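Down below is the structure, laid out as structure tokens.
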There are 2 protein chains.
Amino acid sequence: MKERDAELRALVGYGVKRANSALVGGVAQLLGRFDLRRTTFSALSVIANNAGIRQSDLAEVLAIERPNLVQILDEVQRAGWIARARDGADRRVYRLTVTAAGLARLTEAGDALRTYDARLTRGMSAQERTALIAALRRVEENGLHALDEEAWEGPDVGEISTT
Amino acid sequence: MKERDAELRALVGYGVKRANSALVGGVAQLLGRFDLRRTTFSALSVIANNAGIRQSDLAEVLAIERPNLVQILDEVQRAGWIARARDGADRRVYRLTVTAAGLARLTEAGDALRTYDARLTRGMSAQERTALIAALRRVEENGLHALDEEAWEGPDVGEISTT
DNA sequence: TATTGTTATACTCTATAACTATA
DNA sequence: TATAGTTATAGAGTATAACAATA
């Protein structure tokens, strides 16, 4: 029997939305055990791997608006996992670093999350998983421009970095 | 140079979230031209392909909660695109059908959306696109169970329907 | 003037409890 | 009692305008 949402299932966008919705709950529950949310975990990860990053750069990396990052960092700082230090040269900017406690929490939560994430691709080969991640990256990139190019016509094969 | 969110980019869940975020704006803008949103378009599509479907079944197909479906259908009905008819046998249930105007709107918006959606996989072969859709389906399915199976260990290769 | 971080705000999407009317 | 649809509500996530401090 044909699926009742077969017409929608032909759309990549629908698949992405359904997959994301199916993930959100589980990830939130898992990260909640470490008093983290998706956004606070992501922020912690990027700060840990980019010591001294500025808030505005962090917002750009995570593709979130600056105002929304404020409360995220407030939360992480309140937990004692990051430090905000004024830049000596430009006293408008904050330099962000993780504390020892923050690194420990990131490692714990990261291990659990990677285990969870690996389960998402159960039944797929390592190559299929890698291809999926690359394909999602391409969809993200294409999605950011898809409306700019209303005049687009042929099977343009623009290359984007997937490495 | 290594990407600043490289640690996150190794996660399928992060890729799904980023791809979804990149899509939402464009899809909303495109569907907005037809006075539709993602949810109202999806509802219209499923009703059109399942004449007489009940609200509770529609909610299940779209994986949205029943209360949230009410305002979605109110909106679509107000536009004159669907009809709610009480079932003769069980007067609690509504039988949903699309009107001629609804079908016309669905067709117009669907054509535009499929063109947009095809652009998302630009640079990918038809096989890669098909594989992506199947992989997303698997991720969705796995994601719904990933927390149930905390004790999971080996490379279980459970088969799920992808047809 | 422009930029960094901030506040306030609003809008969408989603999730739950409780009600009504029917069964 | 249980179910279909509904109402009300609350929580995330996200987006924009406008402000103070600094450049």
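The values are calculated or read from the model by the stated rules, or taken from the named source; none is laboratory data. All of these numbers come straight from a predicted model, not from anything done at the bench. Using ideal geometry, Cβ is built from the backbone for each residue, glycine included, and neighbour counts are taken over all protein chains shown. For accessibility, only protein heavy atoms count, side chains too; no ligands or nucleic acids. Shrake-Rupley method; radii C 1.70, N 1.55, O 1.52, S 1.80 Å.
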Quiz item: Does B:THR115 satisfy being within 28 Å of B:GLY52 (Cβ to Cβ) and of a type in the set (Ser, Thr, Tyr)?
Solution: no
Practice problem: State the number of residues belonging to region B:1-56 that are open to solvent by 40 Å² or more (accessible area, probe 1.4 Å), hydrophobic (A, V, I, L, M, F, W, C), away from DNA strand D (no atom under 11 Å from the Cβ) and facing chain A (nearest Cβ under 9 Å). | Solution: 1
Exercise. Those residues that are touching a Gly at 6+ places or on another chain (Cβ under 9 Å) and of a type in the set (A, V, I, L, M), I need them from region A:17-40; list them, please.
Key: A:ALA19, A:ALA22, A:LEU23, A:VAL24, A:VAL27
Self-check item: Close pairs (7 angstrom Cβ cut-off, 6 or more residues apart or separate chains): closer than 20 Å to A:GLN29 by Cβ in region B:10-32, outside any helix (DSSP H, G or I) and more than 10 Å from DNA strand C (Cβ to nearest atom) anywhere
Solution: B:VAL12/A:THR121
Quiz item: Taking the condition aliphatic (A, V, I, L, M) and outside any helix (DSSP H, G or I), does B:ALA89 pass?
Solution: yes
Practice problem: Would you mind stating whether B:ARG84 is open to solvent by 70 Å² or more (accessible area, probe 1.4 Å), within 15 Å of DNA strand C (Cβ to nearest atom) and among the basic types (Lys, Arg)? | Solution: no
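Please work out which residue is nearest to B:LEU36 (Cα to Cα), limiting yourself to region B:91-103 and to residues that are open to solvent by 50 Å² or more (accessible area, probe 1.4 Å) and within 7 Å of DNA strand D (Cβ to nearest atom).
The selected residue is B:TYR94.
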Exercise. Kindly indicate whether any position in region B:101-124 is more than 12 Å from chain A (Cβ to nearest Cβ), among the basic types (Lys, Arg) and either out of contact with any Ser or Thr (no Cβ under 8 Å at 6 or more places or on another chain) or within 12 Å of DNA strand C (Cβ to nearest atom) (or both).
Key: yes
Quiz item: Which condition breaks for A:ALA59 when tested against (1) touching a residue at least 12 places away in the same chain (Cβ under 8 Å); (2) under 23 Å from B:VAL16 (Cα atoms); (3) open to solvent by less than 20 Å² (accessible area, probe 1.4 Å); (4) away from every other protein chain (no Cβ under 11 Å)?
Solution: (1)
Quiz item: Tell me, which residue of region A:65-79 that is free of Cβ contacts under 8 Å to residues at least 24 places away in the same chain and under 17 Å from A:ARG95 (Cβ atoms) is farthest from DNA strand C (Cβ to nearest atom)?
Solution: A:GLN77
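Assigned to a helix (DSSP H, G or I), more than 10 Å from DNA strand C (Cβ to nearest atom) and either under 25 Å from B:VAL16 (Cα atoms) or out of contact with any strand residue (DSSP E or B) (no Cβ under 7 Å at 6 or more places or on another chain) (or both): is that true of A:GLN127 in this structure? I'd like the intermediate steps shown before the answer.
Details: assigned to a helix (DSSP H, G or I): yes; more than 10 Å from DNA strand C (Cβ to nearest atom): yes; either under 25 Å from B:VAL16 (Cα atoms) or out of contact with any strand residue (DSSP E or B) (no Cβ under 7 Å at 6 or more places or on another chain) (or both): yes.
Yes: the conditions hold for A:GLN127.
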